[in-house]
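Following: one structure in structure tokens, then a few remarks.
The values are calculated or read from the model by the stated rules, or taken from the named source; none is laboratory data. Predicted model, so just to flag it, every value in this text is computed and none were measured. Positions of Cβ are backbone-derived with ideal geometry, glycine not excepted, and every protein chain shown enters the neighbour counts. What goes into the accessible areas is simple: the full protein's heavy atoms, side chains included, and nothing from ligands, DNA or RNA. Shrake-Rupley method; radii C 1.70, N 1.55, O 1.52, S 1.80 Å.
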Amino acid sequence: MSTAMAFPDFFQFHLPVRIVFGKGLSKDFSAELSSLGVSRAFLVTEKFLHTLKIPDRIRQALESAGVGIAGVFDEVVPNSEVGLCERGAEAARKAGADCIVAIGGGSSIDTAKAINLLLSEGGKLLDYQGAQTLTRPLKPLVAVPTTSGTGSEATMVAVINDPDSQSKISLVDRYLTPALAVLDPELTLTLPRRITAATGMDALTHAVEAYVDIESSPFSDALAAQAMRLVARYLSKAVIDGGDVEVRSALQIASTMAGVAFNHSMVGVIHGMAHALGGMCHVVHGEANAMMLPLGMEYNLEVRERKFAEIARFLGLDIRGKSDRDAGLEGIAFVRQLNQELHDLAGLPTRLSDVGVSRDRLPEVAALAMTDGSMFYNPRDVAEEDVLAMLERAH
Amino acid sequence: MTFFQDEKHLYKCLGGLFEKVRRDAMIGPKLATAALVIRFLYEEPEGQITIDLKTPPGDGTFFSTFYGKNDLEADVVMSMKADVGHRFWFGKVNLVAALTRRQIVAKGPIPKILKLLPAIQPTYAMYPEILKELGEDKILLA
Ligand SMILES: [Fe+2]
């Protein structure tokens, strides 16, 4: 067998989002706004952020840049739903908005993508399920993430719950990608410890899954690798000293890098399980990922030993003289240890039983996980009994 | 080049495959578990084929096929040039890459479609054999 790297038959790297970073940048990003040529912004956010005065801060930045506020929609909840998006779009339309500004975590940004789609193209959300169904750009979407984990500010994906069909609608379209992502680590300085820990583990999971899955490419690998290095080095520090803007910067950057990586190579079995745990048992996305990450890594180790050895290196381990498999196992042990540290520091749950998941629901969770789109991209063919075994071990 | 001269030729070749698959005791039942109506919309030449994996036909086959326009409501619509469709059934199109490049546009629940891919693997070997039987050696791919 050749020792050279095996390159994929085909890959694409396309980044339609302009990413800007700066400490305090969310107070003034007028230069970037002016190039978008917009005048009436519709804000999509979460009520809870008002207590941190974050929407006000963005509002002032927009107004001082000469962009009027067409309206504010602050009804976003953790797992956004179709009806909510349609209400938001109706409000944006009535307000005469010509751009959408998302302020918040993954759910706010995904909701804003769906609102923008409906505002720009009309119709029902269900009509747009699929891949690359749009034929022209939507209105400009600006994403201002207030957590460091989702990566949604850099992706073309939005996942919205559809209570009618009891399933999730996935919209995948390059035109859904925000036009502008404003990364300001100051917005994350006040994030509570447990949210910092969970969102950081979400970012790490994006990076690990993007790095090993079947659609990975040299470009996505480079970004995933750097995201892993940053999360491994800084996540515990951010939990201990949330006010350290340098540490917060590292995580903010890592999160977006991991987002760009998985926007190209997708995620795998770990997210498949996390989505099902979120949908059925309301387990917080990042916490579900944290619990399932070492188990999913073990599951995939046998088909990606070289890559898992590299992951151990990105996580900061010295793997010289070790076999790929042993190095990979050390990387997995590192992730377990990180989880334990985050448990001790931030109360991050380490068992599904700690977050109210009852054991007798696990077969249903496993069955639902098998229907998740991410399973397809996992490097090892996923069997339902193996998923159930992983869930049981995490319980 | 275009492989198919016209709509009729398209139905003869791709239909030849679908007619065989819907009687195939190995592949047919696996596809039927998806319980979807899938419509393939072709261009150059124009045509459409609908396969109904939802309603059991009750004639000993595992699903029904319809050639040309029909009124069934489709859960998934896959649009592509007929040549892409032809190459696909030889196993020569990476579906994920084709979706990324917009060579195939898929509307509907994509995860359910991706799940069918393992089940249709064996059809890639069947298609060239069927074309030979139909005397269509000219459009075989190397
Ligand atoms: Fe995630």
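Helices (runs of 4 or more DSSP H) wholly in the stretch A:228-325 with at least 2 residues that are within 16 Å of the ligand (Cβ to nearest atom) - which ones? Give the derivation first.
Numbers: elements: A:245-265, A:269-281, A:285-301, A:305-314.
Because the criterion is at least 2 residues that are within 16 Å of the ligand (Cβ to nearest atom), the helices (runs of 4 or more DSSP H) in the stretch A:228-325 that meet it are A:245-265, A:269-281, A:285-301.
Please enumerate the residues belonging to the stretch A:115-139 that are more than 14 Å from chain B (Cβ to nearest Cβ) and surrounded by 14 or more Cβ atoms within 10 Å (Cβ to Cβ). Within the stretch A:115-139, A:Ile115, A:Asn116, A:Leu118, A:Leu119, A:Ser120, A:Leu138, A:Lys139 meet the criteria.
Checked against the criterion of being within 15 Å of the ligand (Cβ to nearest atom), in a strand (DSSP E or B) and either of a type outside the set (A, V, I, L, M) or touching a residue at least 24 places away in the same chain (Cβ under 8 Å) (or both), the candidates A:Val144, A:Val159 yield just one match: A:Val159. Here B:Ala125 passes the criteria (1) modelled with pLDDT of 90 or more; (2) within 14 Å of chain A (Cβ to nearest Cβ) except the one numbered (2).
When you check A:Ser26 against the structure, is it modelled with pLDDT under 95 and surrounded by 20 or more Cβ atoms within 10 Å (Cβ to Cβ), yes or no? Judged against the criteria, A:Ser26 is not a match.
Looking at A:Gly279, A:Gly259, A:Gly286, A:Gly272, can you tell me which residue is open to solvent by 10 Å² or more (accessible area, probe 1.4 Å) and under 30 Å from B:Thr100 (Cα atoms)? Break it down into steps so the answer makes sense when it comes.
Details: A:Gly259 fails: open to solvent by 10 Å² or more (accessible area, probe 1.4 Å); A:Gly286 fails: open to solvent by 10 Å² or more (accessible area, probe 1.4 Å); A:Gly272 fails: open to solvent by 10 Å² or more (accessible area, probe 1.4 Å).
Only one candidate qualifies: A:Gly279.
When residues of the stretch A:178-197 are filtered for being buried (at least 24 other Cβ atoms within 10 Å of the Cβ) and within 15 Å of the chain's Cα centre (by Cα), how many remain? Summing the residues that are buried (at least 24 other Cβ atoms within 10 Å of the Cβ) and within 15 Å of the chain's Cα centre (by Cα) in the stretch A:178-197 gives 5. Applying the condition of being of a type in the set (Gly, Ala, Ser) and under 16 Å from B:Pro111 (Cβ atoms) to the stretch A:373-395 and asking which residue is modelled with the highest pLDDT yields A:Ser374. When A:Asp110 is tested against (1) within 16 Å of the ligand (Cβ to nearest atom); (2) within 14 Å of another protein chain (Cβ to nearest Cβ); (3) of a type in the set (D, E, K, R), only condition (2) is not met. Quick one: how many residues across the stretch A:151-177 are more than 10 Å from every other protein chain (Cβ to nearest Cβ) and more than 23 Å from B:Val96 (Cβ to Cβ)? So the count comes out to 6.
Could you tell me whether the stretch B:45-57 includes any residue that is of a type outside the set (S, T, N, Q), at pLDDT 95 or above and more than 30 Å from A:Leu171 (Cβ to Cβ)? For the stretch B:45-57, residues of a type outside the set (S, T, N, Q), at pLDDT 95 or above and more than 30 Å from A:Leu171 (Cβ to Cβ): present.
Residue-by-condition table, conditions (1) over 22 Å from A:Cys99 (Cβ atoms); (2) free of Cβ contacts under 8 Å to residues at least 12 places away in the same chain:
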site: A:Gly123; (1), (2): no, yes
site: A:Arg136; (1), (2): no, no
site: A:Leu171; (1), (2): no, no
site: A:Ala179; (1), (2): no, no
site: A:Val182; (1), (2): no, no
site: A:Ala197; (1), (2): yes, no
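A:Lys47 meets each of the listed conditions (1) within 27 Å of A:Asp202 (Cα to Cα); (2) open to solvent by less than 10 Å² (accessible area, probe 1.4 Å); (3) modelled with pLDDT of 95 or more apart from (2).
Of the numbered criteria (1) within 14 Å of chain B (Cβ to nearest Cβ); (2) within 16 Å of the ligand (Cβ to nearest atom), the one A:Phe219 fails is (2). For the stretch B:38-50, the condition of being open to solvent by less than 20 Å² (accessible area, probe 1.4 Å) and among the hydroxyl-bearing types (Ser, Thr, Tyr) holds for at least one residue.
Would it be correct to say that A:Ser249 is in the same structural domain as A:Phe314 (by TED's automatic domain parsing) and buried (at least 24 other Cβ atoms within 10 Å of the Cβ)? The answer is no for A:Ser249. Annotation: A:Gly149 fulfils all but one of (1) part of a loop (DSSP other than H, G, I, E, B); (2) open to solvent by 10 Å² or more (accessible area, probe 1.4 Å); (3) within 16 Å of the ligand (Cβ to nearest atom); the unmet one is (2).
Could you tell me whether A:Met370 is buried (at least 16 other Cβ atoms within 10 Å of the Cβ), at pLDDT below 95 and either closer than 14 Å to A:Val269 by Cβ or not assigned by TED's automatic domain parsing to the domain that holds A:Ala274 (or both)? Answer is yes for this residue.
Considering each residue of the stretch A:217-236 in turn, at least one proves to be open to solvent by 20 Å² or more (accessible area, probe 1.4 Å) and of a type in the set (Lys, Arg). Close contacts from the stretch B:1-16, counting a first residue that is open to solvent by less than 40 Å² (accessible area, probe 1.4 Å) and a second that is in a helix (DSSP H, G or I) and at pLDDT 95 or above, with Cβ to Cβ under 6 Å and a gap of 6+ residues or different chains, come to B:Phe3/B:Asp83; B:Phe3/B:His86; B:Phe4/B:Leu10; B:Phe4/B:Ala82; B:Leu10/B:Ala82; B:Gly16/B:Ile130. With respect to being of a type in the set (Phe, Trp, Tyr), over 15 Å from A:Thr188 (Cβ atoms) and open to solvent by less than 40 Å² (accessible area, probe 1.4 Å), A:Phe42 fits the description. The residues of the stretch A:350-379 that are of a type outside the set (A, V, I, L, M, F, W, C) and more than 13 Å from every other protein chain (Cβ to nearest Cβ), listed by number, are A:Thr350, A:Arg351, A:Ser353, A:Asp354, A:Gly356, A:Ser358, A:Arg359, A:Asp360, A:Arg361, A:Pro363, A:Glu364, A:Pro379.
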